[in-house]
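Reviewing the structure listed below.
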Amino acid sequence: MSTVLITGGAGFIGSNLVRSIAHAGQHRVVVFDALTYAGNLENLAGCIDGSAVSFVHGNILDADLVHRTMELHRIDAVIHLAAESHVDRSIASAAPFVETNVAGTLIMLEAMRTFGVSRFVHVSTDEVYGSLEPTDAPFTERSPINPTSPYAASKAASDLLVLSFVRTHGVDAVITRCSNNYGPYQFPEKFIPLMTLNALEKRPLPVYGDGKQIRDWIHVDDHCSGLLFALEKGRSGEVYNFGGAAERKNLAVVNEIVQLTGADPALITHGTDRKAHDRRYAIDATKAHNELGWTPMWSFEEGLKYTVEWYKAHPEWCGHVRSGEYRSYYEQHYKTSL
């Protein structure tokens, strides 16, 4: 049984991925997470047992700890999710995004070379492609890189760094780029959980600009299945797009959440648009379908309904995240890093 290191494994996508792998029982998992504001061990409650799933508290910028982790746990593969990922935060301060997303990825790649890790899956984003016009064809893996935010630029830089290590050093690595994720355990600053929780609490539903920005949405379970397909079947040096074939205007998504929660539509408010706000993202996932055999299972309507119900059913988790109480979970349950 191989051992997979998942960086950022206590975050939204990472924790769903860890649960999926643990349920399948085909790999041992080592979760490596700095537990910054978006990392929450409550996401993995009941999952970490020290054998099938282990946890290391650490930052990918700590090269010594990364090396010790790979050596001690005899890591066979890495799924690299750890990243600064919130666009608004990158606009306010770009430096942490360059440090974590670029320098941190370099440290992971160098460690991979040092310890002979057999496969590196680098998890990126469709935002590296920039923005589409309403009539443009969806992004393919051959679409030019054209980032518009510091976050997207940092991810584009890390993607190119990974490809350079494939071509220069012969490492075995693939890159995945996905559309907007949604589902359980997503940090409430993100669009769908923010709107859901505000709607349930009868709070304002703030929409950027006219709300006609278009996003393609993918349920986190479908994204996680794609990552496992990439881990097992992806060709080194290749990029694979994962999308949910669910383009929606932001305002339309808010209106669907209003209907699902029974909230008053008058709660919807329009504010100043975000700087350099991309108008449309759309993913063509044909390559992933044809080469990996991957297909999304969730329709957006079913996935959104399930997600809203999940947040309704987990008020304690939501309360801990919004109050910051989740930050004490590590101290209460874990004492050492390795």
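Of everything listed in (1) part of a helix (DSSP H, G or I); (2) over 24 Å from Ala103 (Cα atoms); (3) touching a Phe, Trp or Tyr at 6+ places or on another chain (Cβ under 9 Å); (4) not aromatic (Phe, Trp, Tyr), the single unmet condition for Val18 is (3).
Taking the range 109-132 as the range and being under 17 Å from the mean Cα position of the chain (by Cα) and either assigned to a helix (DSSP H, G or I) or within 18 Å of Ile145 (Cβ to Cβ) (or both) as the test, the residues that pass are His122, Val123, Ser124, Thr125, Asp126, Glu127, Val128, Tyr129. Of all residues in the range 72-86, none are surrounded by 18 or more Cβ atoms within 10 Å (Cβ to Cβ), free of Cβ contacts under 8 Å to residues at least 60 places away in the same chain and under 20 Å from the mean Cα position of the chain (by Cα). Selection over the range 251-278 of residues that are touching a Leu at 6+ places or on another chain (Cβ under 8 Å) and loosely packed, with under 13 Cβ neighbours inside 10 Å gives a count of 1.
Residues in the range 283-307 that are surrounded by fewer than 20 Cβ atoms within 10 Å (Cβ to Cβ) and part of a loop (DSSP other than H, G, I, E, B): Asp284, Gly293, Thr295, Met297, Ser299. It is to be established whether one or more residues within the range 54-65 are buried (at least 18 other Cβ atoms within 10 Å of the Cβ), in contact with a strand residue (DSSP E or B) (Cβ under 8 Å, 6 or more places away or on another chain), closer than 30 Å to Thr148 by Cβ and modelled with pLDDT of 95 or more. Scanning the range 54-65, I find at least one residue that is buried (at least 18 other Cβ atoms within 10 Å of the Cβ), in contact with a strand residue (DSSP E or B) (Cβ under 8 Å, 6 or more places away or on another chain), closer than 30 Å to Thr148 by Cβ and modelled with pLDDT of 95 or more, so the answer is yes.
Applying a threshold of 6 Å to beta carbon distances and a minimum spacing of six or more residues, or different chains, the list of pairs starting in the range 231-256 at a residue that is of a type in the set (Lys, Arg) and ending at one that is crowded, with 22+ Cβ neighbours inside 10 Å reads Lys233/Leu292. Considering each residue of the range 27-36 in turn, none proves to be in contact with a helix residue (DSSP H, G or I) (Cβ under 6 Å, 6 or more places away or on another chain), in a helix (DSSP H, G or I) and of a type outside the set (Asp, Glu). Here Phe55 meets each of (1) part of a helix (DSSP H, G or I); (2) within 28 Å of Phe229 (Cβ to Cβ); (3) under 19 Å from the mean Cα position of the chain (by Cα) with one exception, condition (1). Does Thr7 count as β-branched (Val, Ile, Thr) and buried (at least 19 other Cβ atoms within 10 Å of the Cβ)? For Thr7, the condition - β-branched (Val, Ile, Thr) and buried (at least 19 other Cβ atoms within 10 Å of the Cβ) - is met. Just one residue in the set Gly46, Gly25 is surrounded by fewer than 20 Cβ atoms within 10 Å (Cβ to Cβ), touching a residue at least 12 places away in the same chain (Cβ under 8 Å) and over 14 Å from Leu5 (Cα atoms); that residue is Gly25.
Test Ser164 against the stated conditions and say whether it is small (Gly, Ala, Ser), in a helix (DSSP H, G or I) and surrounded by fewer than 20 Cβ atoms within 10 Å (Cβ to Cβ). Answer is yes for this residue.
The values are calculated or read from the model by the stated rules, or taken from the named source; none is laboratory data. Owing to the predicted nature of the structure, the values given are computational and were not obtained by experimental measurement. Don't worry about glycine lacking a Cβ; one is built from the backbone with ideal geometry, like all the others, and counts go over all protein chains shown.
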